[in-house]
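Accompanying notes for the structure given below.
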Amino acid sequence: MHMRPTLLLLALLAFPTPLPAQPPTPQQELVELVQSGATREAFKLGIETLLGFEKLNRLGISAAADFEFTLVQTGELAKQLGESRRFAETLERVRSQPGLGAYPLLQALLQYHLAEHWLNIGASDKAQTIYDQLGTVTKAWMLGPLDNERGNGFRRKHRIEKGPEHPLDLKAKHQGKARKVAWRLLDIGFAPERNFDFDSLIRPTEQVLTILAFSARVEQATPVSIRLGCSGSTRILVNGQKLFQRDAESRAFGFDQDVATAILEPGDNLILIKSGCQEDIFQLRVRLTDPSGAPLPAKRVILSCDPERMLAASKAAASKRPIPESAMLPSERLLKRLKGAKKLEGAARARAGQLAYRLAFLLKAAAREEETQRRDRAIARLATQLRPEDSSCWKLYGDALESERWSGDRDDNPRYAAYERAVTLWPRAQLAMLALAGMELESRSNHRRAWMWLESARAVRPDGPDFLESELALMKARELDKEAHLRIRSALLEGRHAHFVPLLAKAIPLAKGDSRYEEALALLQRRRSVRDSLRTRIQIARMQLRLGQSKAAFATLAQAELRFPWEQDVYEVLAEFYRARALSSAKDAAKMWAQAERAWMRFLALCPEDVYSWLMLAEIAAQRGDVKAQVTRLKRALALKPGLTDAARRLDFLSSEPTPFYEGLELDSAALLKADPGPSPESLQAKRSHEYILQHSLIRAYSNGTSSRYEHKLVRILTERGAQIWSSYSLPIHSGSQLGRILEARVIKPNGRSLRARLGQAWYIQLPKIDPGDIVELKLRVDDQERSFFGDYFGLEHSFLPSDGAASKLSRLDVLLEKGRSYYFQSLGAVPQPRTQQHESGAELRSWVLRDLPGRDVETRAPSSRETGPLLRISTYRDWNQFAAWWWDLIRKQTTMTPAIRAHVQKLVRGAKSKEEQLRRIYEFVTNRIRYEAWEFGVHGYKPYSIETIYERRHGDCKDKAILMNAMLAEVGIKAYPVLILAEEQREKDDLSLPLIEHFNHCISYVPTQDGLSELWLDGTADRYPLGVLPEMDYGADLLVVQGHEGKIKRIPWPTPEDNCRAQRFDVRLLANGDAIVEMDQLASGFHDPTLRHRWANEPGKRQERLQDQLGRIFGKIEIEDMQFSKLEDLSEPARYQLRFRVPGLARLSGGAQELRLVPIFSRQNLSALASAETRKKDILLTPPESRQFRVRITPPKGWRIAESPKKASFDAPFASFAFTSEVKKGSLEIASYYVRRRQRISAAEYKRFLDMTRLVDRAENQELLLVKEGKK
């Protein structure tokens, strides 16, 4: 059943909350309040109920289970509402309740929750005391990380697990996951949570396992329970005897998830705990209790990690005494009552259903099992069977299904159906409504239905925190930023939401974005007081630093390290802060560098094999100029992870270059600034944000095919906008193939004072505070790290103009060209002749200098400097034949035909009656059956895979698909050649006379005229494009056709507007109440055709829902009655669909019900968005030529007539035409709109007419239509 959310508004009054036959228990009331969204009221009831248990001297098993449920449910509410302090204070009162003495394990669960909530508000000292009282183990020997690929390592028995015949040798090394590993003594007494956080202790952390070992000494035989919380698999062994094992790939980290009871024999006993994980978090907590769950007497069991005792313990034999059972929580003890529950009837069946609900809830919260073994899901399902009319059971069952894979089609979606059932049974089930809204939003991107469910939830309770969080999420998805910001501000002013963490998380960035830093700091501190986290503390420290509270910032981080000692981020941020101080203060630099290094060293004490920490220490050494320390640390990182390409290259570089290549060629900043007269009048008049005093690029081309680049910039900041733009800088670099670093970054004040930036990372910096009038200086270096794939090729395309449109007083390019190669040059625009001289290294130095380059306004869709210059290009290729020979020799071996491909070609063309039909079938196979995957890096950036590999894998990138298609066409006698092309949405003019690899980014195929075939261009990546149709990014391109060792420059012609046509027809029959019956027909050709196919060919089951969403933007809510689609998989048949649908309220009544006003129903182009500026200096670049035909017939209801036809409009110019007509025929209004654009480029001289046309089109297509009753004037 699928209830319409809008009907719920009426159902709320018709169906009040059903009253049970007997007065509800506090637990039932608690569930009902939670499900209705009354979160605060539920929390208040939970607190009162817990305090009510304080008065009881004795608890029966059922009452104990009620207490357990109330404890867990109220704890969850406390976290949600930011009420951890109040909850913890309540538990402090309740923990001494006499009745709990009979349930030590329940008492321990209470203490666990108490500790968690003290930690939640930062009271780590109180939490530590509680964890110690619970008997947590804080000291053990660890071996790991060991290999656990796909869990196989866990299942295998390690030598250490084989008992006394293999005594423990703590000095031995064992083969680990990535390297040899040895036993390591861990003492986690400093960690507030008392957990072994293997994510911070070992490297690597994925598909690994560890073994913990410690000894336990007793004077007499003693039963103990070993209780574990673990996020993965666990195995418990005592004296070589396996007592427990759970093989879990992944699960949440919780309390006492696994337990084993053992008999410790007199003397030393060896306890081993083997734990493993795959890819998620890896944590373990161990505690020892007596079998009842009570703490062990301090002197009865003595734990030790002394090597001699450990050795003695490893020789001890396993106990043969009978092992007592471990105590269970009340909820687990009641599980047996559900056996045979389905056979119960009446009140007994209902009570069993209530019990099943609570047990499922508690099992879900405990997270003991992994996904495939979860009992909570089966018990929640049982609850729905025992109480099929209970809304809360269905909601819980939906929650239990959350991790399952489910279909986007709600008919096959049990989770969605469960939530819908919950709402159907009880129309006040707000949490179920919000869950449905969340599923529509996150899984289906159906904002309309999500909003409908949200409105239904609003009618139940508009002021709850759950509703607020869902409302803000939907506002964000719908990009209602302004409305969301107002909602956040108003909610914060309401006292009830002042500590709601999700609201605070959204309010903080808003305050920061508005520069309300004091408010942001206050909000952060409020969030920390209710939900402590490392991220919040770091944000507080950064905000304190921004406000000039440096001492407070460092104190915040120091406390963060004590609270979150496992988190690597805290050490990294501390080091970053110290580095910033070192760079900004020469006086304290040495001390601050040392503190930064100590921060990383403290983390390495926890995790000695963390490669990232060693690399960061190498960075610090580089910034200090300590080459020796940098080399040592890089070697350590490489020893841990030999595959670190960048680190290896940096190490080679440090060992090979005695002096920088740019030494002696740098320009003197001080001299340039002294000679500079100040801001240029042009920049001031144009109100530019900044201007360049200097742009200096120095490039060295090495004979081995690599190059190095040095850049020096001096930027004058003119406005606050300029200060914002230059507040940070990212180094332009190709990661993986280049190594770069920022050598200098500083802000020079007008008084000459210099503030250096924090060089925290080699490729990114944040500069000190910048004010208008300051100068920003940047120096950077980028080096190729290996010989180019193109051999000793060198290519350069250098624009002297800044890409941001700012003015440049001095733009200089120096190029060092090593001898032994020929270089070819091409210039565009006002590029002067270079000054040439011999460099001391023997290379030729060429220098180009341009001065006083004016700024320019950056216009959207405008040609770049590739057309206008000044631009310089350099290449070592003489001509395109030389390049084509190189590339053809590279790829021709990849085109060797195989029997399998040959047989498939014959199968494809069997029965084809013409060459064109053969070509079509091969083309459609490659485009639609070989999946496109881009390969951007490495050798396969230009070298394709073999056609055998491409065919077998059924995927490849553009050049893979091109050579496969060419080879298959050759099998049927059709010649086709690979083509290199620059694919771009806004086609520019380019001069390809100088061969440069940088000209191209895409590969397609060319079929010349032959044997009855006309010239064709085929793009193998054009999935669902009919033969002869290209993606927009290909049209108009100048390109290179590679015919063996010959390269030919050709151009793909522009299509005609008629080739790319989108035609729509609407037949609208209006009813007297304003509703309408609409018949729609849509047809597309050219590059519009595949748009329809992509949208509607996949998942036919979702067509109706998607059409409702799409057409809803024009008509509002619609009800589809019929829909017909062409065979979208048949590319020879035009893409088309036809619909009939009903539109409630399409026309609105007005004028005393004497008028019907019809809003525009055109699929509007909004052409004026392309021409937002009144004037333009450069041409505007558009998509390829296209056309659109739009026809509407509107038939009024009986007794009504068209009051006035829409005004006609027309436009005609060489670049485009538009005609808008309307005419009343036989009582119906017929409207036609025709738009034709003949060119892809509109010149600046034509822009004013183009602007007029776009506004004319928008005005014409936005006219409202008025209908009046017959007889009315």
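Measuring nothing but alpha carbons in the stretch 642-767 and taking Rh as the Kirkwood radius, the Rg to Rh ratio lands at 1.02. Put simply, the Cα atoms of the stretch 290-337 extend 49, 25, 14 Å along their principal axes, the longest span coming first. With kT/(6 pi eta Rh) evaluated at 10 °C and eta = 1.306 mPa s, and Rh the Kirkwood radius from Cα pairs, the chain diffuses with a coefficient of 43 µm²/s according to Stokes-Einstein.
Against the 2.2 N^0.38 Å scaling, with N counting residues, where does the stretch 19-134 land? I'd like the Cα-based Rg ratio to two decimal places.
Compared with the compact-globule rule of thumb, the stretch 19-134 sits at 1.06.
For the stretch 1058-1269, a/c is not less than 1.5, where a ≥ b ≥ c are the root eigenvalues of the C-alpha gyration tensor, and a/b does not top b/c. That puts it in the oblate class. Between LYS591 and SER1243, full extension at 0.36 nm per residue minus the direct alpha carbon distance yields a gain of 228.5 nm. Its relative contact order, with pairs defined as Cα atoms under 8 Å and 6+ residues apart, puts the stretch 264-402 at 18 percent. Panel values: the stretch 807-963, Kirkwood radius from alpha carbon pairs, Stokes-Einstein at 37 °C and 0.692 mPa s, translational diffusion coefficient 159 µm²/s.
Using a simple spin-label model with pseudo-atoms 7 Å out from Cα toward Cβ, ALA221 and ARG93 lie 4.7 nm apart.
Pairs over the 25 Å Cα-Cα cut-off, from the set LYS961/LYS1050; LYS126/LYS395; LYS55/LYS395: LYS126/LYS395; LYS55/LYS395. Look at the alpha carbon pairs under 8 Å that are at least 6 residues apart: their mean separation over the length of the chain gives a relative contact order of 6 percent.
Each label was represented as a point 7 Å from its Cα along the Cα-to-Cβ direction; for ASN1001 and SER864 these points are 0.7 nm apart.
Label point 7 Å out from GLU720 along Cα-to-Cβ: which residues of the stretch 505-535 have amide N under 12 Å? Of the residues in the stretch 505-535, 514-516 have backbone N under 12 Å from the label point off GLU720. Taking other Cβ atoms within 10 Å as a rough exposure proxy, VAL1192, VAL501 sort from fewest to most as VAL501, VAL1192.
Each of HIS1088, ALA1203, GLY1116 was placed along the dipole of the stretch 1058-1269 (beta-carbon charges, centred on the mean Cα), and the one lying farthest toward the positive end is ALA1203.
Legend: translational diffusion of the stretch 332-432 by Stokes-Einstein, Rh = Kirkwood radius over C-alpha pairs, 25 °C, 0.890 mPa s; D = 178 µm²/s. For the stretch 877-1005, the Cα gyration tensor yields ellipsoid semi-axes of 27, 16, 15 Å (square root of five times each eigenvalue, largest first, whole Å).
Of ARG753, ARG866, the sequence from fewest to most neighbouring Cβ atoms within 10 angstrom is ARG753, ARG866.
Over all directions, the projected convex hull of the C-alpha atoms in the stretch 137-328 averages 9.9 nm² in area. In this structure, TRP1054 and ASN704 have a Cβ-Cβ separation that, at R0 = 41 Å, corresponds to a calculated FRET efficiency of about 0.45. Take each peptide in 267-280, 1042-1055, 93-106, 217-230, count the other Cβ atoms within 10 Å of every residue, and average; sorted highest first, the result is 267-280, 217-230, 93-106, 1042-1055. The HN-Hα couplings worked out from phi for the stretch 258-270 by the Karplus form 6.51 cos²θ - 1.76 cosθ + 1.60 (θ = phi - 60°) are 10, 8, 9, 10, 9, 9, 7, 7, x, x, 8, 10, 9 Hz, whole numbers, x standing for Gly and Pro. Model label sites at LEU743 and LYS674, defined 7 Å from Cα along the beta-carbon direction, differ in position by 2.1 nm. Give the shape of the stretch 816-894 as rounded, prolate or oblate, defined through the alpha-carbon gyration tensor: a ≥ b ≥ c are the square roots of its eigenvalues, a/c under 1.5 means rounded, and otherwise the shape is prolate if a/b is larger than b/c and oblate if not. Oblate shape, in that a/c is at least 1.5 and b/c is the bigger or equal ratio. Taking max minus min of the alpha-carbon positions on each principal axis, the stretch 669-876 gives extents of 49, 38, 37 Å, largest first. What residues of the stretch 841-869 lie in the reach of a label at PHE825, counting those whose backbone N is under 11 Å from a point 7 Å from the Cα along Cα→Cβ? Only 845-849 fall inside the zone, counting backbone N under 11 Å. Too long at a 29 Å Cα-Cα cut-off: which of LYS482/LYS1208; LYS959/LYS1102; LYS180/LYS364; LYS139/LYS336; LYS79/LYS512? Violating the 29 Å limit, Cα to Cα: LYS482/LYS1208; LYS959/LYS1102; LYS180/LYS364; LYS139/LYS336.
Two decimals is fine: what is log10 I(q)/I(0) at q = 0.20 Å⁻¹ for the stretch 745-860, from a Debye sum with one equal scatterer on every Cα and no solvent? Log-scaled intensity ratios, in q order: -1.26.
Working value for the stretch 975-1132: equivalent-ellipsoid semi-axes of 42, 16, 14 Å, each the square root of 5 times a Cα gyration tensor eigenvalue, largest first.
Highest mean first, the peptides 197-210, 174-187, 340-353 sorted by other C-beta atoms within 10 Å per residue fall in the order 197-210, 174-187, 340-353.
Going from the residue with the fewest nearby Cβ atoms within 10 Å to the one with the most, SER304, SER392 rank SER304, SER392. Here the gap between ALA1072 and LYS482, fully extended at 0.36 nm per residue and compared with their Cα-Cα distance, gives a gain of 208.6 nm.
Give me the number: length gained by fully extending GLN1124 to ARG892, i.e. 0.36 nm times residue separation minus the C-alpha to C-alpha distance, one decimal in nm.
Gain in length upon complete extension: 78.8 nm.
For the stretch 358-364, the Karplus equation 6.51 cos²θ - 1.76 cosθ + 1.60, evaluated at θ = phi - 60°, returns couplings of 5, 5, 4, 4, 5, 5, 4 Hz by residue, with Gly and Pro reported as x. This model, with +1 at the C-beta of Lys and Arg and -1 at the C-beta of Asp and Glu, gives the chain a dipole about its Cα centre of some 1620 debye. With the highest mean first, a sort of the peptides 375-387, 659-671, 146-158 on other beta-carbon atoms found within 10 angstrom per residue produces 375-387, 146-158, 659-671. Annotation: average projected area of the stretch 549-625 is 4.9 square nanometres, based on the convex hull of Cα atoms across all directions. In this structure, GLU402 and THR372 have a Cβ-Cβ separation that, at R0 = 22 Å, corresponds to a calculated FRET efficiency of about 0.90.
None of the figures in this text is laboratory data; all of them are computed from the coordinates on show. No experiment lies behind these values; they were computed from the predicted model shown. All Cβ positions, even for glycine, are placed from backbone atoms using ideal geometry, and neighbour counts span all protein chains on display.
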